[in-house]
Amino acid sequence: MRISLGLLGLAAFTVAADARVLDPLLPVIADEFHTGIGTVGLLVTAYTVPYGLFQLVYGPLGDRVGKLKVITAAMVAFALGTAGCVFVHDVALLALLRFLTGMVAAAVIPLSLAYIADNFPYQERQAALGKYMSAVVLGQILGSSLGGIFGEYFGWRDIFLVFGLFSLLVAVALWRGMKFAVEPQPRATLKTGSVFKPYWQLLKRGDARSVIIAVFIEGFFLFGAFAYIGAFLRDRYSLSYVVIGFLLSGLGVGGLIYSASVKQLVRLGENNLIGIGGLLVCGSYIAIATIQNWMLFIPLAVFMGLGLYMLHNTLQTRATELTPEARGTAVSLFAFSVFLGQGVGSAVFALAVSSVGYLPCFIAAGLAIAAMAFWLSSQSPVVPALRQS
């Protein structure tokens, strides 16, 4: 037996919602702690950098001791760290807890992706990953939306209590399900030794380098700049936190459209998906920077989300086939790169927003994503399974 996509999806939903909940809450947290938006924007970095770094630990660990065991233990620690955010009274302690939470959350999604890849042949994997990613998308949608609702009506602390309790229930369900599931026996052929040696081996390959560099660029520019769209909407249009939360959830709506139509979209071919996705993200960022009516943000966010998932999920599928014998390692390196990019990008864009404003930052982010997509789509896949599919 294998753990169901639904149960893995609940864990992914929880982690994804927690990661996005701060997007609409940055202004209200800044007001409570009497600090600037650039300072509280570093809370995003405090979560995403350890999330990225600890992929390098969990990938080989999951390959060796079992992906489900690591995921379940991580969910327990995640529940405790998230609930602890309720009790903080300064931004430094909140940043520390977000750091620790990001550190344990790092295990959940990449090891789940590797587990799915172990259990689904390549011909079925894109659809299975699409279904699984719909849970991630729903988490992103409700994370932003619930963040806006709680910021407006209840208080930003209460949402962390809700997430903490829910993630503990998911951890219990995973523990019970793990007793009946059978994982494939580890068959890693990448040389072990130091924690980082398998990653250096992987990065010696040109196909792996292309995927990892591309997803770092995606994280840096797309997600790094997106963290400040909520503050941009608040400053330019004086919208409520509830409205901002729902507007930001449009990114997830685009992801759901992708998940619902993934079987049709893959017929375009992987390079076309990457190219079209990059253009959609670029056009959306430039339009967001230049429009004068906030209502137009609704379709633009949906288009951006569709483009994001066309681009990201194609890269993600390639990553699962880079090393079939050690998928936890390959997918963890992939996730490390995207979240390291997001963490560094959030910090860089915090400085850029403070110095040059939102508009140049959003335009630069869009153009960078388009350039990356053009570069990557002009290359032929070199992974054997991709050439055959």
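Read-outs: derived from the displayed coordinates by stated rules, not from any lab. What you see is a predicted model, and the numbers here were worked out from it, not measured in a lab. With ideal geometry, Cβ positions are generated from the backbone for all residues, glycine too; neighbour counts draw on all protein chains shown.
Relative contact order of the chain, taken over Cα pairs closer than 8 Å and 6 or more residues apart, is 28 percent.
Sorting Ile37, Ile369, Ile291 from the fewest to the most surrounding beta carbons within 10 angstrom yields Ile291, Ile37, Ile369. Placing unit charges on the Cβ atoms of the charged side chains and taking the dipole of the range 13-121 about its Cα centre, the candidate lying farthest along the positive direction among Pro27, Val88, Leu68 is Leu68.
Dividing the summed -39500 (n - 2.57) terms of all DSSP H runs of n ≥ 4 by the residue count of the chain sets its mean residue ellipticity at 222 nm at -25000 deg cm²/dmol. In terms of surrounding Cβ atoms within a 10 Å radius of their Cβ, Leu96, Leu111, Leu279 rank from fewest to most as Leu96, Leu279, Leu111. Trypsin sites (Lys or Arg not before Pro) within the range 207-262: which are DSSP loop residues with at most 14 other Cβ atoms inside 10 Å? Counting only loop positions with at most 14 other Cβ atoms within 10 Å, none of the trypsin sites (Lys or Arg not before Pro) in the range 207-262 qualifies. Going from the fewest other Cβ atoms within 10 Å to the most, the residues Asp18, Asp23, Asp235 appear in the order Asp235, Asp23, Asp18.
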